[in-house]
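First comes the structure, then the notes that go with it.
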Amino acid sequence: ATGATGGAAFSTYTGSSGGSLSVGTGFMGSGAGTSATETSVQSLTPMVDMVASDLAVQLDFVPGFGTSRTFMFRVDGISTPLGCTITKFASECADTSTQVNIPAGSLISLRSITTGIASPSPPHFGVSLGQ
């Protein structure tokens, strides 16, 4: 006899910079801080195809007038459509409508691009990972 079929696997990919974002482009990984070099913060996914969705990003301090911070989920060094932008006096953004396929054994990260001279701020992020 066999039991009932279980639900699909579900996980989260979360992180925080541990410090303030730099001006320009930076990369973040799970618990790895930030870096100007993506390869130093990438995380390896399990050997199963996955789907990323429901990105949420929060800053401790708003970017400020005339500035923005754009965050993009990346797979194997390529930006995906899963992303969001925090502008001016907002402190958070989310993308709850985009799903991205992640092949088994991929390297994932989050890229931040700052425009203008934004206030220094540590970011916090979360992404749903499922099958």
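The values are calculated or read from the model by the stated rules, or taken from the named source; none is laboratory data. Quick caveat: nothing in here was measured; it's all calculated off a predicted structure. As a convention, Cβ positions derive from the backbone with ideal geometry for all residues, glycine included, and neighbour counts pool all protein chains shown. Heads up: the accessible areas ignore ligands, DNA and RNA and are worked out on the full protein's heavy atoms, side chains in. Shrake-Rupley method; radii C 1.70, N 1.55, O 1.52, S 1.80 Å.
Among the strands (runs of 3 or more DSSP E) confined to the range 1-66, the ones with at least 3 residues that are among the hydrophobic types (A, V, I, L, M, F, W, C) and at pLDDT 90 or above are located at 50-59. Out of the residues in the range 84-99 that are part of a strand (DSSP E or B) and of a type in the set (Ser, Thr, Tyr), which is surrounded by the most Cβ atoms within 10 Å (Cβ to Cβ)? Ranking the candidates gives Thr87 first.
Name the single residue, out of those in the range 56-83 being without any contact (Cβ under 8 Å) to a residue 60 or more places away in the chain and touching a Phe, Trp or Tyr at 6+ places or on another chain (Cβ under 6 Å), that is least open to solvent (accessible area, probe 1.4 Å).
Initial filter on the range 56-83 (without any contact (Cβ under 8 Å) to a residue 60 or more places away in the chain): 62-83.
Filter again for touching a Phe, Trp or Tyr at 6+ places or on another chain (Cβ under 6 Å), leaving 62, 80, 82-83.
Values: Val62: 50, Thr80: 24, Leu82: 0, Gly83: 22 Å².
Step by step, filter the range 56-83, then rank; the result is Leu82.
The sole residue among Thr25, Thr45, Thr114 that is touching a residue at least 24 places away in the same chain (Cβ under 8 Å), within 18 Å of Gly15 (Cβ to Cβ) and either loosely packed, with under 14 Cβ neighbours inside 10 Å or among the small types (Gly, Ala, Ser) (or both) is Thr25. Just one of the numbered conditions (1) in contact (Cβ under 8 Å) with a residue 60 or more places away in the chain; (2) closer than 11 Å to Ser53 by Cα; (3) not aliphatic (A, V, I, L, M) is not true of Gly105: (2). Within the range 28-38, is there a residue that is buried (at least 21 other Cβ atoms within 10 Å of the Cβ), more than 25 Å from Gln131 (Cα to Cα) and in contact (Cβ under 8 Å) with a residue 24 or more places away in the chain? Taking every residue of the range 28-38 in turn, at least one turns out to be buried (at least 21 other Cβ atoms within 10 Å of the Cβ), more than 25 Å from Gln131 (Cα to Cα) and in contact (Cβ under 8 Å) with a residue 24 or more places away in the chain. Selection over the range 100-111 of residues that are surrounded by fewer than 16 Cβ atoms within 10 Å (Cβ to Cβ) and outside any loop (DSSP other than H, G, I, E, B) gives a count of 1.
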